[in-house]
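S.K.: Just passing along the structure, written as structure tokens.
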Amino acid sequence: MTRGLFITGTDTGVGKTAVACALAAWCRRAGVDVGVMKPVATGGRRLVDGGRARWVSDDARRLAQAAGAKDPWALVNPICFEEPLAPWTAAIRQRTRVRLEAAIGAFHRLADRHACLIVEGIGGLLVPLTARASVAELAARLGLPLLLVTRPGLGTLNHTRLSLEQIRRLGLACHGIVITHTHPAPRDPMERLAERTNRTMLKHFAPVRGELPFRPDLFRRARADGRLADWFAAHVDGRWLRQFIGYS
């Protein structure tokens, strides 16, 4: 079985990329041969890869930088569309389709190259990739355990429980939750209270592996991988991280 994690979220914009990059950077610093992947993405930029132009997402580029990976973009980000829309929508507008077999094939090729893989999903688990398949089905076919990224504020209990219910319904393994603060602390005292109490409540539904504070500068300077690894290690359960590296 391939060692690694599939990073998913309760929604778009909850911090999946930051968590995936930070985990990849932490693995790299720990001496783990880590590969990274963004199987499906939208809102890409046109790059030349292996002599041909292709769309590659900024998320995939950040992942590769954090891991120090030199794999071809065709493996790291096998499916990417130009327009920043839901994947199925972007595919329909481009008069094509999301070919899941291409993503699965790239995943297995990366698994042959690396000891561990960090795979980042797109949006939430029920984001449609095709008329019949969602991100959840892709995660199931890749066979990696999941790590669920969620927000701290109001609404997170419902969104997190819905995501966990979908994970359980499909019989997927889940390593737990990471809470990410993607905005500065709210000024309203009741909103701050909601954030503090939500973490306590979330523990009733799945293990909370960490709570990552707001850091707007993580990707803004050179050598971001070092800061990402420090940020992750300082706020995530170290025992779980060591178990993650050693589990089979």
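S.K.: Please determine whether any residue of segment 217-228 is crowded, with 18+ Cβ neighbours inside 10 Å, within 17 Å of the chain's Cα centre (by Cα) and over 19 Å from Thr12 (Cβ atoms).
M.R.: Yes, some residue in segment 217-228 is crowded, with 18+ Cβ neighbours inside 10 Å, within 17 Å of the chain's Cα centre (by Cα) and over 19 Å from Thr12 (Cβ atoms).
S.K.: For Pro78, work out the one condition from (1) surrounded by fewer than 17 Cβ atoms within 10 Å (Cβ to Cβ); (2) in contact with a helix residue (DSSP H, G or I) (Cβ under 6 Å, 6 or more places away or on another chain) it doesn't fulfil.
M.R.: Among (1) surrounded by fewer than 17 Cβ atoms within 10 Å (Cβ to Cβ); (2) in contact with a helix residue (DSSP H, G or I) (Cβ under 6 Å, 6 or more places away or on another chain), the lone unmet condition for Pro78 is (1).
S.K.: Of all residues in segment 145-156, count the ones that are of a type in the set (A, V, I, L, M, F, W, C) and either touching a Lys or Arg at 6+ places or on another chain (Cβ under 8 Å) or surrounded by fewer than 18 Cβ atoms within 10 Å (Cβ to Cβ) (or both).
M.R.: 3
S.K.: Okay, next question. Please go through segment 76-101 and give me each residue that is more than 17 Å from Thr17 (Cα to Cα) and of a type in the set (Gly, Ala, Ser), ordered by number.
M.R.: Result: Ala90, Ala91.
S.K.: Another question, if that's okay. Can you pull out the residues in segment 139-180 that are of a type outside the set (A, V, I, L, M, F, W, C), more than 15 Å from Leu202 (Cα to Cα) and either touching a Leu at 6+ places or on another chain (Cβ under 8 Å) or touching a residue at least 40 places away in the same chain (Cβ under 8 Å) (or both)?
M.R.: Residues satisfying the conditions are Arg141, Gly143, Pro145, Gln166.
S.K.: Working only within segment 79-100, note down all residues that are without any contact (Cβ under 8 Å) to a residue 40 or more places away in the chain and not charged (D, E, K, R).
M.R.: Scanning segment 79-100 gives Thr89, Ala91, Ile92, Gln94, Thr96.
S.K.: Further question on the same structure: With respect to Thr160, is the statement that it is surrounded by 13 or more Cβ atoms within 10 Å (Cβ to Cβ), among the polar types (S, T, N, Q) and in contact with a helix residue (DSSP H, G or I) (Cβ under 7 Å, 6 or more places away or on another chain) true?
M.R.: yes
S.K.: Please go through (1) assigned to a helix (DSSP H, G or I); (2) in contact with a helix residue (DSSP H, G or I) (Cβ under 6 Å, 6 or more places away or on another chain) for Gly226 and return the number of the only condition it doesn't satisfy.
M.R.: (2)
S.K.: Which of the numbered conditions does Arg62 fail, given that it passes all the others? Conditions: (1) within 22 Å of Arg28 (Cβ to Cβ); (2) in contact with an Asp or Glu (Cβ under 8 Å, 6 or more places away or on another chain); (3) among the charged types (D, E, K, R).
M.R.: So the condition that Arg62 fails would be (2).
S.K.: Still on this model: Could you please find all residues in segment 14-55 being of a type outside the set (A, V, I, L, M, F, W, C), out of contact with any Gly (no Cβ under 9 Å at 6 or more places or on another chain) and farther than 18 Å from Leu129 by Cα?
M.R.: If the condition is that a residue be of a type outside the set (A, V, I, L, M, F, W, C), out of contact with any Gly (no Cβ under 9 Å at 6 or more places or on another chain) and farther than 18 Å from Leu129 by Cα, then Thr17, Gly31, Asp33, Arg45, Arg46, Asp49, Gly50, Gly51, Arg52 are the ones that fit.
S.K.: Please work out if Leu218 is outside any helix (DSSP H, G or I), in contact (Cβ under 8 Å) with a residue 12 or more places away in the chain and closer than 14 Å to Ala20 by Cα.
M.R.: yes
S.K.: Next question, about the same structure. Hey, among Thr130, Thr89, Thr96, which residue is among the hydroxyl-bearing types (Ser, Thr, Tyr), outside any loop (DSSP other than H, G, I, E, B) and at pLDDT 95 or above?
M.R.: Selected residue: Thr89, the only one of Thr130, Thr89, Thr96 that is among the hydroxyl-bearing types (Ser, Thr, Tyr), outside any loop (DSSP other than H, G, I, E, B) and at pLDDT 95 or above.
S.K.: Do you know which of the residues in segment 196-214 that are in contact (Cβ under 8 Å) with a residue 24 or more places away in the chain and in a loop (DSSP other than H, G, I, E, B) is nearest to Asn158 (Cα to Cα)?
M.R.: In this case the residue turns out to be Phe205.
S.K.: Among the numbered conditions (1) surrounded by 16 or more Cβ atoms within 10 Å (Cβ to Cβ); (2) under 21 Å from the mean Cα position of the chain (by Cα), tell me where Arg242 comes up short.
M.R.: Here Arg242 meets the rest and fails (1).
The values are calculated or read from the model by the stated rules, or taken from the named source; none is laboratory data. Being a predicted model, the structure only gives us computed values, none of them experimental. Neighbour counts are summed over all protein chains in view; Cβ atoms, including those assigned to glycine, are modelled from backbone coordinates with ideal geometry.
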